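Note sheet for the following structure.
The values are calculated or read from the model by the stated rules, or taken from the named source; none is laboratory data. Since the model is a prediction, treat every value here as computed from it, not as a measurement. Here Cβ is always computed from backbone atoms with ideal geometry, including for glycine, and neighbour counts include all displayed protein chains. Just the protein is used for accessible areas: all its heavy atoms, side chains included, with ligands, DNA and RNA removed. Shrake-Rupley method; radii C 1.70, N 1.55, O 1.52, S 1.80 Å.
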Amino acid sequence: MRISRGMGLFLLAFGVWSWVLWPTFFKNILASEDSWSGGTPTPFLWVHLVIATVSLVLGTIIGVLGWRGYRAARG
């Protein structure tokens, strides 16, 4: 399957956006008082950690596919 240059750039931008958004989101979750109960992590923290981790992994994969598609469409 071939990815157009435009779609490659879109996928790459999505990957970059994931790396801008999710670390900031998780930093805010860590600071939330809902994340801790007596110094121990709550289910709220664990759920959001999983969501952020999966989103970063998928964002990375999508960004790499976008970069490869963009490069392949150039030449």
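Listed residues 64, 54; which is exposed (fewer than 13 other Cβ atoms within 10 Å of the Cβ) and among the β-branched types (Val, Ile, Thr)?
Result of the check over 64, 54: 54.
Determine which single condition residue 20 fails, assuming it passes every other condition in (1) without any contact (Cβ under 8 Å) to a residue 24 or more places away in the chain; (2) over 30 Å from residue 5 (Cα atoms); (3) of a type in the set (A, V, I, L, M, F, W, C).
Every condition holds for residue 20 apart from (2).
Answer yes or no as to whether residue 49 is assigned to a helix (DSSP H, G or I) and open to solvent by less than 80 Å² (accessible area, probe 1.4 Å). Don't jump to the end; show me each part of the working.
Values: assigned to a helix (DSSP H, G or I): yes; open to solvent by less than 80 Å² (accessible area, probe 1.4 Å): yes.
Yes, satisfied.
Could you tell me whether segment 33-44 includes any residue that is among the aromatic types (Phe, Trp, Tyr) and open to solvent by less than 90 Å² (accessible area, probe 1.4 Å)?
Yes - at least one qualifying residue is present in segment 33-44.
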